Each structure stands twice: as structure tokens, then as C-alpha cells.
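This report refers to the structure that appears directly beneath it.
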């Protein structure tokens, strides 16, 4: 699954276009490397999201095409 789609389905980002913009700006890393929106995420990858005030890291636990709203947090675990 593409990185931008995963960010949207996991509800780490509200819209896929915002996820694309974050990737284009270099604010999204996968395994400590700046990644493009087209990167194919895998279970075990470590995502990093940078904002103005902080950086968050998440480990991918599941990759699913359809995710109910209440199950989105089961797709990843927050680190640090």
C-alpha cells in the first residue's frame, strides 16, 4: 500500500492530499529516510512525522485496504 494512502487510512493524517504535501515537503520518513508518497509500506516499517513543534514515530503493525473508524489505531503503535 502506498505511504500516502496508509497515512489516510490509519487516520494519522486527515486527507490523502495533505499526506502527499507532507511527503513532498520531506516531513515524512520511513526507517529514518525521507520518503515519497508512492513508497510501498510494509509491516514493521517505522514512520516518522515531523511538525513544527515535534516529531512522532510509529511502527506499522498491519496493512489493510479497508479499515473501520474504530480499528484505525490497531494499524500502528506509537513509539517514544
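The figures follow:
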quantity: Scan of the stretch 46-65 for residues that are free of Cβ contacts under 8 Å to residues at least 60 places away in the same chain and closer than 11 Å to residue 1 by Cβ, ordered by number; calculated: 60, 62, 64
quantity: Residue check for residue 41: touching a residue at least 40 places away in the same chain (Cβ under 8 Å), more than 12 Å from the chain's Cα centre (by Cα) and surrounded by 12 or more Cβ atoms within 10 Å (Cβ to Cβ); calculated: no
quantity: Per-region count, the stretch 44-61, residues surrounded by 11 or more Cβ atoms within 10 Å (Cβ to Cβ) and either assigned to a loop (DSSP other than H, G, I, E, B) or touching a helix residue (DSSP H, G or I) at 6+ places or on another chain (Cβ under 6 Å) (or both); calculated: 2
quantity: Some residue of the stretch 9-20 being in a loop (DSSP other than H, G, I, E, B) and at positive phi; calculated: yes
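Bear in mind that the values in this text are calculations on the coordinates, not laboratory data. Worth saying up front: this structure is predicted, and the values here are computed from it rather than measured. When we count neighbours, we look across all protein chains shown, and the Cβ atoms used for this are built from the backbone with ideal geometry, even at glycine.
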